[in-house]
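Visitor: Please find one structure pasted underneath; my questions will follow.
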Ligand SMILES: NC(=O)c1ccc[n+]([C@@H]2O[C@H](COP(=O)([O-])OP(=O)(O)OC[C@H]3O[C@@H](n4cnc5c(N)ncnc54)[C@H](O)[C@@H]3O)[C@@H](O)[C@H]2O)c1
């Protein structure tokens, strides 16, 4: 797929994965809208890559609508939407109502609200592409991440629904599901040391995989290919998979006893 001259939007592109994707797309000739809640970060990235900064909340109903409408004004049309903004809040069962609600808004409803506006135009035109940044946590689970796991499953489920419903009418939907990526979101200590810090990728490596995946339309974009195997194992023997996850949790419990400060 050539993106030369195409209008694309990347939400949460002021930092991390979104910034790397926006940078790669601009280098490939796309006209890019850079969105982020952090206006300074969005402005800096837009300036760096020659894109348009549209700061604001990509998740709330008025925020999503303002972003889509401004993007239409700036780009004429939006051919690809990267719903990349995401939040991770709360590590235990004590995660607050507010954190659950915010996770649902940003990790799920942002996609619903953008798609509601974008899809009718794409259907008229017979083409359009929606790329959801979900997570491996949306296919498996993230220990110490109840609201994140649940809402990222929701993001994958919504992407599957979109694809199943509109695939034959020219709409391509893809779900990006990385494990650890070296951004400000990747926590250090306990779980990450145990699991994935070594295998954590740079945002640029993730953007390279996304770029390749745009060419073949595959639904799952897995920068860590082993995630596909874990996902298959979860489906074929769920109890065995859960026992394996629980074994990791017990290691975490042991670490917490050995170092109650969590390495701080
Ligand atoms: N870092 C990881 O290990 C990892 C792994 C898997 C998936 N992801 C996903 O990748 C995406 C990008 O995360 P990242 O690691 O680059 O983190 P990041 O914190 O570096 O970037 C996320 C950006 O999203 C912005 N943002 C948050 N809420 C927003 C909103 N409502 N509207 C607009 N912008 C908003 C933040 O200001 C921030 O700049 C997220 O969806 C995240 O869940 C990250």
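Visitor: Among the residues that make up the range 9-24, is at least one of them over 22 Å from residue 178 (Cα atoms) and over 14 Å from the mean Cα position of the chain (by Cα)?
Guide: no
Visitor: Further question: Select from the range 117-134 the residues that are out of contact with any strand residue (DSSP E or B) (no Cβ under 8 Å at 6 or more places or on another chain) and in contact (Cβ under 8 Å) with a residue 40 or more places away in the chain and list them in ascending order.
Guide: Result: 117, 125, 126.
Visitor: Turning to a different aspect of this structure: Residue pairs, Cβ under 6 Å, 6 or more apart or interchain, first in the range 95-115 and free of Cβ contacts under 8 Å to residues at least 12 places away in the same chain, second part of a helix (DSSP H, G or I) and crowded, with 21+ Cβ neighbours inside 10 Å. List them.
Guide: Nothing qualifies.
Visitor: Any residue in the range 132-143 that is away from the ligand (no atom under 11 Å from the Cβ) and out of contact with any helix residue (DSSP H, G or I) (no Cβ under 8 Å at 6 or more places or on another chain)?
Guide: Within the range 132-143, none of the residues are away from the ligand (no atom under 11 Å from the Cβ) and out of contact with any helix residue (DSSP H, G or I) (no Cβ under 8 Å at 6 or more places or on another chain).
Visitor: Answer with yes or no whether residue 102 is out of contact with any helix residue (DSSP H, G or I) (no Cβ under 6 Å at 6 or more places or on another chain), near the ligand (Cβ under 10 Å from one of its atoms) and on the phi < 0 side of the Ramachandran plot. Write out each step before concluding.
Guide: Details: out of contact with any helix residue (DSSP H, G or I) (no Cβ under 6 Å at 6 or more places or on another chain): yes; near the ligand (Cβ under 10 Å from one of its atoms): yes; on the phi < 0 side of the Ramachandran plot: yes.
The answer is yes for residue 102.
Visitor: Something else now. Which count do you get for residues in the range 52-95 that are buried (at least 23 other Cβ atoms within 10 Å of the Cβ) and at pLDDT below 95?
Guide: Residues in the range 52-95 being buried (at least 23 other Cβ atoms within 10 Å of the Cβ) and at pLDDT below 95: 0 in total.
Quick grid of which residues meet (1) touching a helix residue (DSSP H, G or I) at 6+ places or on another chain (Cβ under 9 Å); (2) part of a loop (DSSP other than H, G, I, E, B):
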{"residue": "213", "(1), (2)": "no, no"}
{"residue": "218", "(1), (2)": "no, yes"}
{"residue": "223", "(1), (2)": "yes, yes"}
{"residue": "227", "(1), (2)": "yes, no"}
{"residue": "235", "(1), (2)": "yes, no"}
{"residue": "240", "(1), (2)": "yes, no"}
{"residue": "244", "(1), (2)": "yes, no"}
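Visitor: Follow-up. Could you check the range 52-66 and list, in sequence order, the residues that are in a helix (DSSP H, G or I) and within 17 Å of the chain's Cα centre (by Cα)?
Guide: 64 - this is the single residue of the range 52-66 that is in a helix (DSSP H, G or I) and within 17 Å of the chain's Cα centre (by Cα).
Visitor: Would it be correct to say that residue 26 is modelled with pLDDT of 95 or more, touching a strand residue (DSSP E or B) at 6+ places or on another chain (Cβ under 6 Å), surrounded by 20 or more Cβ atoms within 10 Å (Cβ to Cβ) and over 14 Å from residue 81 (Cβ atoms)? Walk me through it before giving the result.
Guide: Numbers: modelled with pLDDT of 95 or more: yes; touching a strand residue (DSSP E or B) at 6+ places or on another chain (Cβ under 6 Å): yes; surrounded by 20 or more Cβ atoms within 10 Å (Cβ to Cβ): yes; over 14 Å from residue 81 (Cβ atoms): yes.
Criteria met by residue 26.
Visitor: Right, something else. Considering only the range 1-50, state which residues are part of a strand (DSSP E or B) and either more than 17 Å from residue 73 (Cβ to Cβ) or within 14 Å of the ligand (Cβ to nearest atom) (or both). Before you say what the answer is, go through the steps one by one.
Guide: So in the range 1-50, the residues part of a strand (DSSP E or B) come out as 7-10, 31-34.
Within the range 1-50, 9, 10, 33, 34 meet the criteria.
Visitor: Right, something else. Quick check on the range 147-186: of everything there that is closer than 28 Å to residue 92 by Cα and assigned to a strand (DSSP E or B), which residue is farthest from the ligand (Cβ to nearest atom)?
Guide: 175
Visitor: Follow-up. What are the residue pairs meeting all of these: first residue in the range 76-94, first residue in contact (Cβ under 8 Å) with a residue 24 or more places away in the chain and over 15 Å from residue 138 (Cα atoms), second residue assigned to a strand (DSSP E or B) and more than 16 Å from the ligand (Cβ to nearest atom), Cβ atoms under 7 Å, and 6 or more apart or on different chains?
Guide: Close Cβ pairs satisfying both conditions: 76/7; 77/7; 78/7; 79/7; 79/128; 79/129; 80/129.
The values are calculated or read from the model by the stated rules, or taken from the named source; none is laboratory data. Since the structure is predicted, the reported quantities are computational estimates derived from the model, not experimental observations. Backbone-built Cβ (ideal geometry, glycine too); neighbour counts: all protein chains shown.
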